[in-house]
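As structure tokens, the structure follows; a few thoughts come after it.
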């Protein structure tokens, strides 16, 4: 790996960029305004625009397989609000899609471990992924870890890589955080890591099919796969993608225990017959001081970004 940092550490608040073209500008609100804000969809980060994206330079379409967005008003300046979401893509067999969508549509999947990744790598040699035993993933298919009333296995689409600058490791200037394609996707698309700087995955002819733009550009970390090639491969294998975007809008008062409320949203997205990303299921619930055991802390603080 020839980079010393990436442009996202999981907590930065980024403006809209082409691979994540939605951002919010949160304002300081009074307590009454916060309640009204929670009851509507304004500033809610949940839309297909965060999944199907276009590179303005090449006009290529990419699909987001994994990402995380986070915005909040400054703490210490009175009442504050936050809005965040995480984006997942898993793959299932075509004849299992309806059951998976129905099962996931009943959940609020805000926990970072709600759905499996292919693996998690920390301070590993990326050039050895996924063939070296230290970086190998023995099984492609994974069961859902929680009781979602769905017994079939799914295919996670990414592996998450993280490394932190430490006193012993002088090769990094800052946090490194990025996504890598799952081994089954590497084999299926016939791609390989092309170098240690862009950390993109390409075919033998040099066509990049998987990338994380935050490695070199300012913006949130995101796993992108070439839309046309990815969908053609899945179709040939009798597979389909399913996306989940889940997150919160939260409102908090001035004191440490002054919890105003929380809007939790978890949407499931699939593809239409025209390969457009469409919302198939919506699940929204509210938490208020009288009904929630979690008070002033946002669940993003409890679970972390990933």
Quick one: which of 194, 186 is modelled with pLDDT under 90, out of contact with any helix residue (DSSP H, G or I) (no Cβ under 7 Å at 6 or more places or on another chain) and surrounded by 13 or more Cβ atoms within 10 Å (Cβ to Cβ)? 194
With (1) out of contact with any helix residue (DSSP H, G or I) (no Cβ under 6 Å at 6 or more places or on another chain); (2) under 29 Å from residue 85 (Cα atoms) as the list, and residue 209 as the residue in question, which single condition is left unmet? (1)
So how many residues does region 65-89 have that are surrounded by fewer than 22 Cβ atoms within 10 Å (Cβ to Cβ) and touching a helix residue (DSSP H, G or I) at 6+ places or on another chain (Cβ under 8 Å)? 2
What's the total number of residues in region 44-64 that are touching a helix residue (DSSP H, G or I) at 6+ places or on another chain (Cβ under 7 Å) and under 29 Å from residue 251 (Cα atoms)? 1
All positions within region 194-214 that are more than 15 Å from residue 160 (Cα to Cα) and in contact with a strand residue (DSSP E or B) (Cβ under 6 Å, 6 or more places away or on another chain): 194, 202, 208, 209
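The values are calculated or read from the model by the stated rules, or taken from the named source; none is laboratory data. Just so it is clear, the model here is predicted, and its values are computed rather than measured. Please note: Cβ atoms are built from the backbone with ideal geometry, for glycine as well, and neighbour counts cover all protein chains shown.
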